[in-house]
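Working notes, structure below.
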Amino acid sequence: MANYKLITALIIFTFCSITAQHKTSVYLEDIGNEPLQEIVEKTTTDLLTLFNVAYAERKKVEINLKSVSDHAKSSMNALWETAPFQCSETELITRLIKKTDGGYELRNIPFTIRLTNDSLHFEEGVFQYSDDGVIQEIYFGIETHQYNKLLRTGKDITDFRRRQMILSFVENFRTAYNRKDIDLLEKVFSEQALIIVGRVIEIKKEKNDLLEKNLEKKRVELIRMSKAEYIKNLRAVFKRNLFIDVGFDEIDVVQHRIYNDIYGVQLKQYWKSSTYSDVGYLFLMIDFEDEAKPLIHVRAWQPEKETDPDSAISLGDFEIIK
């Protein structure tokens, strides 16, 4: 019996030591709501520490915290399958942001991500909370300087609330590829969505043709797809890749000059997976008429090397009829 107690004590001691070693303590700037602050600090500290321990031990993360919603747990588990992550900071002193459409947001959480090929890279994590401090969502955010710039000087967008909503949508949309969330992607595309994919075509040349020698060897063919075709192809991509890592950069957001609920988002997309990688210009036309269920009407991708940035597809290339 004494030996059993000793073994149990050693196990508890070892576990506590491991947890302490990988603990990330979160401290919020005063938000004027002490009960909420305590809940968010404790939940976020406990959650990040769970991630850190599981990351170090290369095991599945077990999320059994009451202040994490079932949806958030599902998102975290899906993301963990392809991109386990940790917060290497022992302390985070940060600010809880009140969202204009309800709830709160914690940004700029430094994550080290380990892909299934053991390569490492870094992301800024984002947690979303309900008004009572329950974590509702997790995704990878755009870089802080870009986020702040777009909120302050969103091109042709005067509504701060809508700008904040658009960026949250884009960040969650991007992370859906990383966690292979086909259900979310299927929901955010309208049934009549237009999908455009630029494919590079090699041009055959005759060796003695002087004219052909002065022409480009490659051109881009734009292929149109329906939503059904795109989702079908995406399911196959998710199935054959161990991991998918998508990053967004150089984001620009423009509101339609007539239809105030329509926005064009242009950005540079970095795609890396276990079988393929590329960089290209991505355009999204997003409809926020129903703010609870934004819809993408157009998704267009063009390869960076073969595309002049000034000629990349944009909102002005489409005539909208309502």
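Data table
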{"quantity": "Degrees between helix 2-21 axis and first principal axis of the chain (Cα, 0 to 90, nearest 10)", "calculated": "40"}
{"quantity": "Dimensionless Rg ratio for the range 182-317, taking C-alpha atoms and the 2.2 N^0.38 Å reference", "calculated": "1.21"}
{"quantity": "Which of SER25, SER119, SER273 has the fewest Cβ neighbours within 10 Å, and the rest in rising order", "calculated": "SER119, SER25, SER273"}
{"quantity": "The chain: angle of helix 160-178 to the longest principal axis, Cα-based, in degrees nearest 10", "calculated": "90"}
{"quantity": "Cα-based equivalent ellipsoid of the chain: semi-axis lengths in Å, sorted from largest, via gyration tensor", "calculated": "41, 26, 17"}
{"quantity": "Cβ-based exposure ranking for GLU291, GLU171, GLU143, in which fewest neighbours within 10 Å come first", "calculated": "GLU291, GLU143, GLU171"}
{"quantity": "Kirkwood-based Rg to Rh ratio, the range 19-141, C-alpha trace", "calculated": "0.94"}
{"quantity": "For a label point 7 Å along the Cα-to-beta-carbon line of ASP118, residues of the range 18-62 with backbone N under 16 Å", "calculated": "56-59"}
{"quantity": "Top of PHE160, PHE173, PHE111 by mean-square fluctuation, Gaussian network on the chain, Cα under 10 Å", "calculated": "PHE160"}
{"quantity": "15 Å tail of the calculated P(r), the range 100-169, as % of Cα pairs", "calculated": "60"}
{"quantity": "Angle between the chain longest axis and helix 70-82 axis [Cα atoms, degrees, rounded to 10]", "calculated": "70"}
{"quantity": "GNM flexibility winner over the chain from GLN146, GLN266, GLN255 (Cα, springs under 10 Å)", "calculated": "GLN146"}
{"quantity": "Theoretical gain in end-to-end length, GLU304 to SER274 [0.36 nm per residue, Cα-Cα removed]", "calculated": "8.8 nm"}
{"quantity": "Top of ILE135, ILE93, ILE166 by mean-square fluctuation, Gaussian network on the chain, Cα under 10 Å", "calculated": "ILE93"}
{"quantity": "Order of HIS145, HIS71 under a 10 Å beta carbon neighbour criterion, fewest first", "calculated": "HIS145, HIS71"}
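Values in this text are rule-based calculations from the coordinates and carry no lab data. No experiment lies behind these values; they were computed from the predicted model shown. Cβ: placed from backbone, ideal geometry, glycine included. Neighbour counts: every protein chain shown.
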